[in-house]
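What follows is a single structure, written as structure tokens, with notes after it.
The values are calculated or read from the model by the stated rules, or taken from the named source; none is laboratory data. Note that the structure is a prediction, hence the values are computed from the model and not measured. Cβ placement follows ideal geometry from the backbone for every residue including glycine, while neighbour counts extend to all protein chains displayed. The area values use the complete protein model at the heavy-atom level, side chains included, leaving out ligands, DNA and RNA. Shrake-Rupley method; radii C 1.70, N 1.55, O 1.52, S 1.80 Å.
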Number of protein chains: 2
Amino acid sequence: MNNNYIIPNEWSVIEEVFDTDNVKASESLFSIGNGAMGQRANFEEDYSGETLQGSYIGGVYYPDKTRVGWWKNGYPEYFAKVLNAPNWIGIHIQINRTNLDLNVCEVSNFKRELNMKEGWLSRSFNAKLKTGEEIRVEAKRLISLELNEVGAIEYSVKALNFAGEITFSPYLDAGILNEDSNYDEYFWETLELVEGKQKGAILSKTLKTEFHVATAMEVSFELNTKKVPVEQISKVEEKSLTYSYTIKVSKGDIATIYKYASYVSSLNYQNNELIEASFNNVEKATELGFQDLLKLQKNAWEAIWKTSDIIIEGDVKAQQAIRFNIFQLNQTYIGTDARLNIGPKGFTGEKYGGSTYWDTEAYCIPFYMGTKDSNVAKNLLLYRYNQLDKAIENAEKLGFKNGAALFPMVTMNGEECHNEWEITFEEIHRNGAMLYGIYNYVKYTQDFEYVPKYGLEVMIAIARFWHQRANFSSDKNKYVILGVTGPNEYENNINNNFYTNYLAKWCIEYTVECLNNVKHNYPEDFKRIVEKTNLKGEETYSWLEVADKMYFPFSDKHQVYLQQDGFLDKELIPVNELPKSERPINQKWSWDRILRSCYIKQADVLQGMFFFEDKFSREELERHFDFYEPLTVHESSLSPCVHAILAASIDRMPKAYEQYLRTARLDLDDYNHEVDEGCHITSMAGTWMSIVQGFGGMRVSDEGKLSFNPQIPKEWKSYSFTINFRNQILKIKVNHSETVLELDGTMDVQIQVNNKTITVSPYNLVTV
Amino acid sequence: MNNNYIIPNEWSVIEEVFDTDNVKASESLFSIGNGAMGQRANFEEDYSGETLQGSYIGGVYYPDKTRVGWWKNGYPEYFAKVLNAPNWIGIHIQINRTNLDLNVCEVSNFKRELNMKEGWLSRSFNAKLKTGEEIRVEAKRLISLELNEVGAIEYSVKALNFAGEITFSPYLDAGILNEDSNYDEYFWETLELVEGKQKGAILSKTLKTEFHVATAMEVSFELNTKKVPVEQISKVEEKSLTYSYTIKVSKGDIATIYKYASYVSSLNYQNNELIEASFNNVEKATELGFQDLLKLQKNAWEAIWKTSDIIIEGDVKAQQAIRFNIFQLNQTYIGTDARLNIGPKGFTGEKYGGSTYWDTEAYCIPFYMGTKDSNVAKNLLLYRYNQLDKAIENAEKLGFKNGAALFPMVTMNGEECHNEWEITFEEIHRNGAMLYGIYNYVKYTQDFEYVPKYGLEVMIAIARFWHQRANFSSDKNKYVILGVTGPNEYENNINNNFYTNYLAKWCIEYTVECLNNVKHNYPEDFKRIVEKTNLKGEETYSWLEVADKMYFPFSDKHQVYLQQDGFLDKELIPVNELPKSERPINQKWSWDRILRSCYIKQADVLQGMFFFEDKFSREELERHFDFYEPLTVHESSLSPCVHAILAASIDRMPKAYEQYLRTARLDLDDYNHEVDEGCHITSMAGTWMSIVQGFGGMRVSDEGKLSFNPQIPKEWKSYSFTINFRNQILKIKVNHSETVLELDGTMDVQIQVNNKTITVSPYNLVTV
């Protein structure tokens, strides 16, 4: 596979060569979405080559029966996964009755562009059919941010060397499969097909979950940019609706189809209103027309970029990469709907079932807090709050009691969806991330009210979990946490993972601190919560007993906390002494060999030090970084960003930049040869953090104070980023000699820059 | 499910009530086999109720595609499993054209008997059809030990209240499925159907493995015990052959069909000879007739019992149970074919794929050594020797080098067939059992020649494995073995499992000892082996370095070896303080809870002390037994026997008897509610050991000396057992006052009884 075919460009992702080997990778990279729906960059016309078709609707999922080798008690029976939804983009194209299929044509002048500034995807090419006809195709597509149930396509065919017929056959197809269906089953049932003049709709529902979805289309035509009347031949099949329109062309003519489509779902409508609502949408879109939809789209993206853009001078590939990451994150999650979340592949693929991981709390919330109104991060927190009951049920399945909660490792609706005992049951540190997300939000936004209103219930349930999950070791005279998997999933079923134990202790302490705060400042909420959770006064003492006596493995010799008990029994050979041929170890080594090796998949002890940096001295950070980073293989996309930030914080810019490079163009350059399955959406937030928290050194203290400690990679001329800090828009520009701060807000903001407090006033540049 | 419907009887397994709920359990319990083929006790006639059809041919397997949740590097792609073979027993029975089906009849006077003394299965019942006809059926079945490719059925129907027609439709059906097929695929392809007069055959082959099997039948008929001519109506379908014969009967008449069938396979014939060979077999059987086959069968079983029977006086259920175990073991494995082995379910079910586990070396070899000629145990050792190359390949897949071997956890043909990383890759102690099997064999038989001829190559490969698998811990200044699963599978991915480390050290030391012996006494073999294995002189020093510096976790406080590092961090609450409602924990607890608990599935540290009892003092054995047994839940069928033997060896007969009871009637009383899936064949060898090594206290010292230390449970009057010790047949009878020894052999044998040496001469009773 070619890893380097994307043309560098500041604002667009561009490819200029048609190569069948790249089709699936480009389908991922050129995906478009609006948070509510998304679409891989599949071709509108037929394509007989290898392709992964993907149309997705946020929040519409299917509980696929799990497939396991050996069943373990406690496993969930279903794995909720994102659904490949009815195809809305399809247009069969025929030239003089011959099908257009790029897999069997001569293709030239191919170009694809994902314009990130304005939010659209275009594709153009010349094709010479086997039958001799030559055409020029120009297609453009968008999924509207403004009309968030609408997608629109403009598709023009120019007759280059012939006169004759061009037939457009736009269709809707509900007979679609998920590629990762465990048993090759259909997840959708077609309920109703509605045929109309230049429009139509299909009502379908998901099996088991019974989400109802109407998919509608409306089409119109132009010949040489003039409206043209057409005759319709309809084909209504069991699960699909196809209309054919033939336009007679002379040599040089351009025939254009506009296809407007809409998904509406029972998440937002009554089942019996769906067809009508979908028609309303496509009618509204048709009325606006493609150009006006495009204008609305540009405006909407302009607003997004205003508070989230990062500008890098002196490195166009870095510029392209960071914008690609910010763009994809915004395509995946907009933040207006607390029922939605951020799947690891967003709307760019099916892998990992499109479900929610702890990535959201650990990586995505900082991005959304930093670039949007605080309601967005709050909606992400509410997603978990709304799933608290299911997290309590989940813990009960594993033998926990008294309202203890274990949030799922992987979920769509709050139920656990993963079946690997060492992850499902043991990677329990995720529970700590739920609480860390709240803590981080409160710190950044100072919206402490979230705690009495929602957060505290989650915190109590999590504190209860840790209290029950730890056990007293009479041998160590301490509380221990046995049988866990840390963030470093290259260790399974270990005892006393430092990160997990540290989070557990911190969760309990922070919960008790918040409880006391709420007790004094929100007595009515306190009363309500105590009643609802049946919290006894003495209960918190038993929690604190566990926190106070928590055990942390520590090496006197190395003066570092150990990743887990027994870590020093391993052979500690740095990664750089491993032969290249043996890496990545997850492809080259058997699992047992990985497990008993010292190699670390992603930050583990260092993840803890990243989360709680101010609890450790500079020397401790350095010592731990020097001990663990050389043993880290960074085989998770979530690893480099944490190391980049930590390296920057201990003034190791070359290391920080090296790590940054591993994360920034992960997908665009397809480092892991897997972008065909979809992009690494959640780790894109880590890339953003690498710049803002890493190079920019942004921190918010426990007291809520904002600070920066800017550095710049020597490879760049300058960089700037914009953050939304408590509704003040702050732009920070860093070059090799100075940092310039600019505030687009309503009041003065006090900021620490390089440990000095400065005041930034609205529209008044401050240079440091 | 009714757990107690088997009627106690000294020599037979009997059921006297027809209960559809018991049908599948009885199908397992009443299974018959001859080591080469086996058959669940499915009914000959149609049965529309729940049933697990099972006909099996030893050594004929299919590599089913594995099913895993999440793939790990190193997993095998196929799981070789025992095949449900073409149905040879089927006979549709029609009474006046109405089908006989016990699921829809009134059934009375039902009786089933598995006669273990003579090796046959009978079934009789009265049935009243919905159409009013009443019949009496008497059926008998055997799988011949003498003609080991032949099964025979006698099936009589008496017309109790009507005159009319009885139609027998014997058939062969190759269109059969395995219930545990991972993807509901057919494993067999039908190649040829041969129709004949009262006989027929089907040639089929297994997909992928291409085992060719011919299944033949020949039938004959009697009316009131007189031969009767019949007319045949043949139905030849795609995968089956059915002949119908109608006999006119008057009230009181008895119509009988004899069906002789044969399996012959490409394991023993050329493909083009198979049909003929199968016909030869059924012709020979027909010629002999059912009664003569029965006589041959009785004689063959008499010979088996002569060297293997255990007689218990004063407890008929115990008597029935021990004979059932000895009987099933002999039905499963006869020992004449080194290509075969002993699946955990034998020929009684499909579960565990019919494959070979370490059970063979740890439990079955002692049984076969004790009750048969030494060639039988030798064949079991040769099975592994013949698979050494595949074990080396298997280790290479996991990164091992230089001819190190890892024998598979589960196998049919030497390739690993299990896909659970914590077992497949980590339950490596099985490698030690391979070597222990050789050691045990040499000790018992004094056939040291096996070592230079075959064993040493296996031993070198295993020593190399342990040498590479251990690593030096600079923290402990010892060699450690990280990331293993011990015999106690309720712990996964642990470090320094005492049993594994102990076996590893012992394997190396015993291998070096044998190498030195072979070097001096078999110099030509030594030369050949050194060349073949490319063994360097200094290599053994590096092995011994690992053995010498092997680390064993030990508790100073408890003065016991610890099952693994960190074991004392667990909460040590004895099993008897667990609420009954929480057991068995493998059904009541989630897997993570089991893992972090202290509960032990089966002997682990104690398995080591059982294997190497003479390396530990009496006080050590007691201390470890007292520490670990109370934490043991015995949720493996292989657990109680080891504890029974150890308890007896430290003079705790009540405990020994309690443990014995848990193993003896495991299947007959269906303790685990799973006998419908098949019997626990390998643990039956453990039951035999519980009596012979446990109560009888039989041991063979490293120097090859035989000793007994007999005790008797107070619940029994007496017991006796017979062993084959170096071709001398020794019978030991124990009651509460004395032990009587009797020798059926050719020379005096010196034996220690209760630490006193006595001499037993042929045919001369010695009373102690």
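Counting Cβ atoms of other protein chains within 10 Å of each Cβ in B:418-426 and taking the mean gives 5. Remark: relative contact order (chain A) = 12 percent; criterion is Cα-Cα distance under 8 angstrom and separation of 6 or more residues. Neighbouring Cβ atoms from other chains, within 10 Å of the Cβ of residues in B:63-74, number 5 on average. Taking 8 Å as the Cα distance limit and 6 or more residues as the minimum spacing, I'd like the relative contact order of the range B:1-112 as a percentage. About 28 percent, as a whole number. Does chain A come out rounded, prolate or oblate by the C-alpha gyration tensor, with a ≥ b ≥ c the root eigenvalues, rounded set by a/c under 1.5 and, if not, prolate when a/b is larger than b/c and oblate if not? In terms of gyration-tensor shape, prolate. Given their separation in residues at 0.36 nm each and the Cα-Cα distance between them, A:L267 and A:D475 gain 69.5 nm when the chain is fully extended. The B:E77 and B:D651 beta-carbon pair, evaluated with R₀ = 60 Å, returns a calculated FRET efficiency of approximately 0.70.
Diffusion of the protein assembly as shown by Stokes-Einstein, at 20 °C in a medium of 1.002 mPa s and with Rh set to the Kirkwood radius over alpha-carbon pairs, works out to 58 µm²/s. For the range A:499-575, relative contact order (Cα pairs under 8 Å, six or more residues apart, normalised by length) works out to 33 percent.
One chain, two ends: B:N109 and B:E715. Fully extended at 0.36 nm per residue, the span grows by 214.8 nm beyond their Cα-Cα distance.
Here the range B:555-634 is treated as a sphere whose radius is the Kirkwood value from Cα pairs; by Stokes-Einstein at 4 °C and 1.567 mPa s it diffuses with a coefficient of 96 µm²/s. Note on the range A:269-375: the alpha carbon radius of gyration divided by the globular reference 2.2 N^0.38 Å gives 1.31. For B:K117 and B:E222, the FRET efficiency from 1/(1 + (r/R0)^6), where r spans their Cβ atoms and R0 equals 25 Å, is about 0.40.
What pairs from A:K158/A:K295; A:K570/B:K615; A:K615/A:K655; A:K117/A:K284; B:K227/B:K351 go past 32 Å between their alpha carbons? Those over the limit are B:K227/B:K351. Taking 0.36 nm per residue of separation and subtracting the Cα-Cα distance, full extension of the segment from A:I311 to A:E146 would add 56.8 nm.
Could you tell me the distance between the Cα centroids of the range B:315-351 and the range A:88-156, to the nearest Å? If we compute the Cα centre of each part, the gap is 69 Å. When the helices in chain A are scored as -39500 (n - 2.57) per DSSP H run of 4 or longer and the sum is shared across all residues, what 222 nm value do you end up with, to the nearest 500 deg cm²/dmol? The helix-only estimate for chain A comes to -9000 deg cm²/dmol at 222 nm.
Residues whose amide H comes within less than 5 Å of that of B:E165, counting only those at least five positions distant or on another chain, are B:N96, B:V249 (H built at 1.01 Å from N in the peptide plane). Among A:314-320, B:113-119, sorting by the average number of other beta carbon atoms lying within 10 angstrom of each residue, highest first, gives B:113-119, A:314-320. Amide H contacts for A:F110 (H built 1.01 Å from N in the peptide plane; partners 5 or more residues away or on another chain; cut-off under 5 Å): A:F18, A:N126. Couplings 3J(HN,Hα) for the range A:696-705, derived from phi with the Karplus relation 6.51 cos²θ - 1.76 cosθ + 1.60 (θ = phi - 60°), are x, x, 5, 9, 10, 6, 3, 7, x, 7 Hz, where x marks Gly and Pro. Looking at this model, which pairs from A:K401/B:K24; A:K519/A:K705; B:K306/B:K519; B:K390/B:K476 are more than 29 angstrom apart at the alpha-carbon? In this structure, A:K401/B:K24; B:K306/B:K519; B:K390/B:K476 exceed 29 Å between Cα atoms. Over the range B:435-525, all Cα pairs binned in 10 Å intervals from 0 give whole-percent P(r) values of 16, 40, 27, 15, 2, listed from short to long.
Taking a ≥ b ≥ c as the square roots of the eigenvalues of the alpha-carbon gyration tensor, the range B:111-229 is classed prolate because a/c is 1.5 or more and a/b outweighs b/c. The amide H of A:Y78, built 1.01 Å from its N in the peptide plane, has A:T66 as neighbours under 5 Å, considering only residues 5 or more places off or on other chains.
Expressed in units of 2.2 N^0.38 Å, where N is the residue count, the Cα radius of gyration of the range A:520-581 is 2.11. Counting only heavy atoms of the protein chains and using a 1.4 Å probe, B:M369 has close to 10 Å² of accessible surface.
Put a dot 7 Å past the Cα of A:M747, heading toward its Cβ, do the same for B:D21, and the two dots end up 7.5 nm apart. Here A:K248 sits with roughly 150 square angstrom of accessible surface, probe radius 1.4 Å. Residue-wise HN-Hα couplings along the range B:127-135, as the Karplus relation 6.51 cos²θ - 1.76 cosθ + 1.60 with θ = phi - 60° gives them from phi, are 9, 10, 6, 4, 7, x, 5, 10, 9 Hz; Gly and Pro carry x. Couplings 3J(HN,Hα) for the range A:593-602, derived from phi with the Karplus relation 6.51 cos²θ - 1.76 cosθ + 1.60 (θ = phi - 60°), are 5, 4, 5, 8, 7, 8, 6, 10, 6, 8 Hz, where x marks Gly and Pro. Does the range A:581-705 classify as rounded, prolate or oblate by the C-alpha gyration tensor (a ≥ b ≥ c root eigenvalues; a/c under 1.5 gives rounded; else a/b over b/c gives prolate, otherwise oblate)? Oblate is the answer for the range A:581-705, as a/c is 1.5 or above yet b/c matches or exceeds a/b.
Copy-to-copy label distances for A:T20, where each label lies 7 Å from Cα along Cα-to-Cβ, are 5.7 nm in order of increasing length. With its label point put 7 Å out from Cα toward Cβ, B:T759 sits 11.4 nm from the same residue's point in the other copies, in order from shortest.
The accessible-area ordering, largest first, of the residues A:K128, B:K372 stands as A:K128, B:K372, per a 1.4 angstrom probe.
Rg and Dmax, both from the Cα atoms of the range A:519-655 and both in Å, are 20.2, 63.
Per-residue surface analysis assigns B:D626 an accessible area of about 80 Å², computed on protein heavy atoms at 1.4 Å probe radius.
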